[in-house]
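Structure first, commentary second.
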Amino acid sequence: MVHAPSRPPAGAPPVRINLYSDTQTLPTPAMKDAMMRAELGDEQHGDDPTVHALTDRMAALLGKEAAMFLPSGTMCNVIAILTHCRKGDEVLAHETAHILSSEGGTHAALTGAQIYPLKGARGLFTPETLRAAIRPRTRYAPPQRLLEVEQTANIGGGIVWPLEQLNAVADIAHGQGWATHMDGARLMNACVAAGIPASEMVAQYDSVWLDFTKGLGAPLGAVLAGSSEFIGEAWRWKQRLGGSMRQAGIVAAACLYSLDNNIDRLADDHANAKALARGLAQIEGFKVEAPETNLVFFDTTGAGFTAEQLSAALRMEGIMISGLGGRLRACTHLNVTAPMIEDALTAIRGIVARGH
Ligand SMILES: *Cc1c(COP(=O)(O)O)cnc(C)c1O
């Protein structure tokens with residue numbers, strides 16, 4: 001079995017509407033221009049001024065002492081867990097968390113931490129659920145060390161943790177002497193949707209990262225932030241994993257560009273997601289989960305289409321929407337316009353009307 005990504009299906013037309021993921025955005029000419037003008041140095045050696053500009057700015061944005069530039073969000077999660085935990089420690093996270101479902105088993109393979117899957121509607125769990133998961137401190141029980149939350153909760157439906165609930169679960173964790181970690185792949189979507197500054201949103205989290213490739217439009221890059229001590233320790237893992245880079249400022253410049261230009265406009269993505277959800281809900285047999293940010297999950301089995309069937313039919317019309325665990329997930333982002341949403345709805349209505 002080979003695990004390389006699959007290529008587009010034979011005979012598929014070029015993609016004209018890409019609702020597959022906010023990771024599919026391409027850098028714009030203006031972003032590339034910013035990259036070309038970036039001042040560069042050796043990041044690994046501490047000499048890249050553009051990386052410093054980005055990490056300083058992110059530390060300030062997130063209200064943390066220090067920050068670190070990394071190639072991907074997955075590496076942020078891996079390094080955070082390696083830094084917080086020892087082998088055999090337990091991380092408590094929602095059962096749909098990215099660290100459980102989508103990181104290739106890295107926490108078993110690399111961190112040696114085990115993950116306790118917490119239940120709860122739409123990717124969130126309650127303080128009661130978390131309290132019920134506290135284990136006795138005996139030599140039988142795994143040592144519980146870290147609480148992890150996703151803001152927004154991806155598989156939950158792009159759901160925003162209400163600040164009170166976010167703080168309530170963090171309080172429980174800190175009361176137990178655990179650390180708290182936020183997977184903020186789409187943190188800025190949550191902040192824009194809730195109208196809450198990032199530093200306030202993450203104040204009770206010891207470590208937090210956000211992805212520049214999810215809706216912010218950069219080609220790669222993520223920033224992990226925390227205390228100076230935490231980031232200092234995390235640097236050892238960055239080095240060990242091969243995540244220390246060289247003239248990384250060429251990419252950090254794209255991330256800085258996205259901070260300047262692509263945050264406020266996330267509100268447009270949320271409006272487009274709501275418009276899409278409204279249109280989908282009018283199709284007979286479709287069940288649509290009310291979106292809070294840029295993700296729209298819907299179930300089409302009531303209209304006689306599995307997620308895979310509708311996804312494949314749309315791909316043949318140049319529209320990409322992923323099938324994810326029996327549901328479809330449409331994701332709006334900066335390359336998706338309001339007319340494209342109407343266009344996609346027309347195509348979906350046509351496919352459903354024609355049947356198989
Ligand atoms: C995409 C994603 C990640 C991983 O980020 P990459 O940059 O793709 O490695 C982690 N957590 C969540 C919630 C995500 O959506």
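The values are calculated or read from the model by the stated rules, or taken from the named source; none is laboratory data. What you are looking at is a predicted structure, and each value in this text was computed from that prediction instead of being measured. Heads up, the Cβs are rebuilt from the backbone with ideal geometry, glycines too, and the neighbour counts pull from every protein chain shown.
Selection over region 315-328 of residues that are closer than 18 Å to ARG186 by Cβ and either in a helix (DSSP H, G or I) or not assigned by TED's automatic domain parsing to the domain that holds PHE297 (or both) gives a count of 0. Do we find that ALA252 is assigned to a helix (DSSP H, G or I), in contact (Cβ under 8 Å) with a residue 24 or more places away in the chain and either on the phi > 0 side of the Ramachandran plot or more than 16 Å from the ligand (Cβ to nearest atom) (or both) in this structure? The answer is no for ALA252.
The rows are residues; the columns are (1) surrounded by fewer than 17 Cβ atoms within 10 Å (Cβ to Cβ); (2) under 18 Å from the mean Cα position of the chain (by Cα); (3) of a type in the set (A, V, I, L, M).
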{"residue": "ARG265", "(1), (2), (3)": "yes, yes, no"}
{"residue": "ALA277", "(1), (2), (3)": "no, no, yes"}
{"residue": "GLN282", "(1), (2), (3)": "yes, no, no"}
{"residue": "GLY304", "(1), (2), (3)": "yes, no, no"}
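Take the residues of region 94-115 that are surrounded by 21 or more Cβ atoms within 10 Å (Cβ to Cβ) and more than 11 Å from the ligand (Cβ to nearest atom): which is nearest to PRO143 (Cα to Cα)? So the residue we want is ALA113.
For every residue, the table says whether it meets (1) in a strand (DSSP E or B); (2) in contact (Cβ under 8 Å) with a residue 12 or more places away in the chain.
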{"position": "GLN309", "(1), (2)": "no, yes"}
{"position": "ALA313", "(1), (2)": "no, yes"}
{"position": "ALA330", "(1), (2)": "yes, yes"}
{"position": "HIS333", "(1), (2)": "no, yes"}
{"position": "PRO339", "(1), (2)": "no, no"}
{"position": "ASP343", "(1), (2)": "no, yes"}
{"position": "THR346", "(1), (2)": "no, no"}
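Set side by side, the residues PRO127, PRO136, PRO142 differ, and just one is closer than 28 Å to ILE231 by Cβ and more than 11 Å from the ligand (Cβ to nearest atom), which is PRO142. Output the residues belonging to region 53-74 that are within 16 Å of the ligand (Cβ to nearest atom), in a loop (DSSP other than H, G, I, E, B) and either within 20 Å of GLN151 (Cβ to Cβ) or among the hydroxyl-bearing types (Ser, Thr, Tyr) (or both). Hit for region 53-74 is SER72, nothing else. The set of residues in region 34-58 that are buried (at least 20 other Cβ atoms within 10 Å of the Cβ) and touching a strand residue (DSSP E or B) at 6+ places or on another chain (Cβ under 8 Å) comprises GLU43, VAL51, LEU54, THR55, MET58.
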